Amino acid sequence: MKIHSIELATVAVPLRKPFKTALRTVHTAYSTFVKVTTEDGKSGWGEAPPTHVITGDSMASIAYAIEEVLAPKLIGMDIRNRTELFAVLHKTIVRNTSAKAAVDMAIHDLLGQLAGLPLYQLLGGHRNKLDSNFTVSVNDPIEMGDDAHRCVEDGFTTLKVKVGIGSSELDIERVKEIRNRVGHTVKIRLDANQGWKPKEAIRTIIAMEDAGLEIELVEQPVHAEDIDGLLYVTQNTLTPIMADESVFSPKDALRVLQCGAADLINIKLMKSGGIHEALKINALAESYGVQCMTGSMIETKLGITAAAHFAASQPNITRCDFDAPLMLNGDPVIGGVTYTKQLVQLPNEPGLGVQIDSTWLSHHRTSGNEEEQ
């Protein structure tokens with residue numbers, strides 16, 4: 001099964017409501033779809049959204065990396081020689097992790113089809129259902145309380161709450177308002193998206209602990225490169241701390257794990273460069289007794305389905321953040337994961353179990369020059 005062609009399509013899907021974090025505000029989900037076709041006519045799909053402030057990838061850089069750098073090296077290679085194939089994928093160009101992730105997804109889709117197995121079974125087959133949180137964007141406390149209440153009414157029992165903009169006092173008020181609105185049976189996870197300084201993070205988290213706000217975990221409280229600061233926060237708070245932007249690669253994970261800088265790690269395919277490297281990060285974390293979460297960027301159901309197959313295959317991945325498709329006003333994917341409230345069901349078809357709606361795609365393609373906000 002040699003690779004015959006690698007094709008791209010760029011799409012744009014409006015969000016139902018602007019998605020706001022400490023790093024950015026998104027109104028439209030731009031993305032690049034990747035189709036890898038083998039000589040016998042089988043096709044696998046992958047996705048790469050641009051996330052400048054996290055991965056550094058843009059629509060233009062994703063297209064260039066795949067079309068001009070990766071494709072010439074990968075076309076003609078046999079997907080059954082996966083060790084060699086993934087080595088070439090990751091050695092041909094440094095960083096550009098979103099572009100690599102999209103190609104990696106498509107290859108794994110083909111590998112699952114070749115084996116006649118859903119990808120989660122090929123990778124480990126731990127389970128075929130997952131529970132996802134729903135994310136509450138950072139806004140004023142009343143609006144966040146309204147959004148959180150609506151999520152719980154829609155059947156979600158775990159909320160991921162964005163903080164890190166404005167003062168610590170405002171962040172505390174945001175969380176207090178949400179806790180008052182949803183009660184104490186709903187889990188609340190916080191994500192500061194690097195928005196706090198280490199001492200500020202400690203002061204804020206301890207204040208929330210003392211107020212009885214019952215926070216399950218706090219994700220990436222400090223700048224991604226401040227591992228010492230991350231360690232300082234972890235050592236001086238009772239609430240579990242999760243590393244996200246601090247961990248892109250297995251090397252990053254090892255650095256965090258060796259010094260105990262975080263209690264948990266969030267693995268995202270767009271950071272790791274795909275499933276092949278994500279499996280290595282999870283294995284390292286598991287060897288240190290550290291559980292992982294699988295998260296996502298603002299992606300369509302294509303990228304989320306690939307991430308869900310990875311997460312479902314591994315017992316050490318105990319938390320998931322797969323709500324992005326529910327935020328979009330449109331769906332270009334046929335098949336893939338399905339949602340029943342917070343429950344995410346994996347498909348049973350071989351590979352990713354997805355097809356792309358060609359009619360939808362023809363009406364929502366972009367020039368590829370758009371930039372995320």
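The values are calculated or read from the model by the stated rules, or taken from the named source; none is laboratory data. These numbers come from a predicted model, not from an experiment. Because the Cβ atoms are built from the backbone with ideal geometry, glycine has one as well, and the counts that use them run over all protein chains shown.
Residue-wise test of (1) part of a loop (DSSP other than H, G, I, E, B); (2) of a type in the set (A, V, I, L, M); (3) in contact with a His (Cβ under 6 Å, 6 or more places away or on another chain); (4) over 19 Å from residue 321 (Cβ atoms).
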residue	(1), (2), (3), (4)
245	yes, no, no, no
253	no, yes, no, no
262	yes, yes, no, no
278	no, yes, no, no
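Quick one: in the stretch 186-231, which of the residues that are among the charged types (D, E, K, R) and assigned to a helix (DSSP H, G or I) is farthest from residue 54 (Cα to Cα)? Spell out the reasoning first.
Initial filter on the stretch 186-231 (among the charged types (D, E, K, R)): 187, 189, 191, 197, 199-200, 203, 209-210, 214, 216, 219, 225-226, 228.
Remaining after also requiring assigned to a helix (DSSP H, G or I): 199-200, 203, 209-210, 228.
Details: 199: 23, 200: 22, 203: 26, 209: 29, 210: 32, 228: 20 Å.
Across the stretch 186-231, the extreme among qualifying residues is 210.
Filtered by the rule that a residue be within 24 Å of the chain's Cα centre (by Cα), surrounded by fewer than 24 Cβ atoms within 10 Å (Cβ to Cβ) and either modelled with pLDDT under 95 or closer than 22 Å to residue 174 by Cβ (or both), the stretch 198-240 gives 215, 216, 217, 223, 239, 240. Go through the stretch 148-157 and count every residue that is closer than 21 Å to residue 26 by Cβ and touching a residue at least 12 places away in the same chain (Cβ under 8 Å). Adding up the residues that qualify gives 4. So which residues in the stretch 283-312 are part of a helix (DSSP H, G or I) and either over 17 Å from residue 46 (Cβ atoms) or not assigned by TED's automatic domain parsing to the domain that holds residue 262 (or both), if there are any at all? Those that are part of a helix (DSSP H, G or I) and either over 17 Å from residue 46 (Cβ atoms) or not assigned by TED's automatic domain parsing to the domain that holds residue 262 (or both): 283, 284, 285, 286, 287, 312.
Within the stretch 30-42, one or more residues are basic (Lys, Arg) and assigned to a strand (DSSP E or B). Taking the criterion of being of a type outside the set (A, V, I, L, M) and surrounded by 24 or more Cβ atoms within 10 Å (Cβ to Cβ), would at least one residue in the stretch 279-286 satisfy it? The answer is yes; a qualifying residue exists.
This table checks each residue for (1) aliphatic (A, V, I, L, M); (2) without any contact (Cβ under 8 Å) to a residue 40 or more places away in the chain; (3) part of a strand (DSSP E or B); (4) not assigned by TED's automatic domain parsing to the domain that holds residue 30.
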| position | (1), (2), (3), (4) |
| --- | --- |
| 322 | no, no, no, yes |
| 326 | yes, no, no, yes |
| 330 | no, no, no, yes |
| 344 | yes, no, yes, yes |
| 348 | no, no, no, yes |
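Identify, from the list 25, 55, 83, the residue that is surrounded by fewer than 19 Cβ atoms within 10 Å (Cβ to Cβ), closer than 24 Å to residue 138 by Cα and among the polar types (S, T, N, Q). Even if it seems obvious, please write down each step before you answer.
Working: 55 fails: surrounded by fewer than 19 Cβ atoms within 10 Å (Cβ to Cβ); 83 fails: closer than 24 Å to residue 138 by Cα.
Of 25, 55, 83, the one residue that is surrounded by fewer than 19 Cβ atoms within 10 Å (Cβ to Cβ), closer than 24 Å to residue 138 by Cα and among the polar types (S, T, N, Q) is 25.
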